[in-house]
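Data block below; observations after.
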Amino acid sequence: MTTYDFDHQLATLRPTLRTFTRRFTNDRDESLDLVQDTILKALTYRDKFREDTNLKGWLFTIMRNTYINNYRKNQRAKTSHDDTKELYFLNVEDHHTFNRPEGSIEFKEVWRNVNELKDDLLIPFKMHTTGYKYHEIAEHLSIPIGTVKNRIFHARKEIQKKLTGYQ
């Protein structure tokens, strides 16, 4: 099949592709985007199309796979991962704001507990929370990177112990 024939058949199948998108979505803009993505992929991978293959079926397969991939990507974007013990953040509504008076008190209480840490834990922890990387902290304090990670871990544990009343 020549390039001209391929392009011509692709253009004549455009309305059929548009109709096929109704299986996936009723949103007009999303439908048009799906048709456009399908045609773009067909043109990009034209060399993968074999002469003895049904062009319409090939395009429908591209469209279906494109829709599925976009759907999965959107679902992953909406997913939040909760690594806390007993999935605390998935089960609790967020009531924290620092504009309320009690929020300000909580914030001050947290930092008071942080500042009560021993200096060997406090310095690496504060550096890490302000954006320093582990290797930068290790170089600055002249200690091994494993020690830095260990001290930050223990600082977090100490703070968590002190703040058990806020859960």
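The values are calculated or read from the model by the stated rules, or taken from the named source; none is laboratory data. Predicted model only: the values in this text are computed from it and were never measured. As a convention, Cβ positions derive from the backbone with ideal geometry for all residues, glycine included, and neighbour counts pool all protein chains shown.
I'd like the residue in the stretch 10-28 that is under 14 Å from residue 62 (Cβ atoms) and polar (S, T, N, Q) and, out of all such residues, is surrounded by the fewest Cβ atoms within 10 Å (Cβ to Cβ).
Top of the filtered list is 16.
Is there any pair linking a residue in the stretch 1-20 that is among the aliphatic types (A, V, I, L, M) to one that is exposed (fewer than 14 other Cβ atoms within 10 Å of the Cβ) and not in a helix (DSSP H, G or I), with Cβ under 7 Å and at least six apart or on different chains, and which?
1/51
Looking at the stretch 35-43, is at least one residue surrounded by 11 or more Cβ atoms within 10 Å (Cβ to Cβ) and farther than 16 Å from residue 9 by Cα? Reasoning before the result, please.
Narrowing the stretch 35-43 to residues surrounded by 11 or more Cβ atoms within 10 Å (Cβ to Cβ): 35-43.
Now restrict to residues that are farther than 16 Å from residue 9 by Cα: 37.
Yes; the residues of the stretch 35-43 include at least one that is surrounded by 11 or more Cβ atoms within 10 Å (Cβ to Cβ) and farther than 16 Å from residue 9 by Cα.
Please state which one of 49, 60, 98 is at pLDDT 90 or above and either closer than 30 Å to residue 159 by Cα or surrounded by 13 or more Cβ atoms within 10 Å (Cβ to Cβ) (or both). Full working, then the answer.
Values: 49 fails: at pLDDT 90 or above; 98 fails: at pLDDT 90 or above.
The conditions single out 60.
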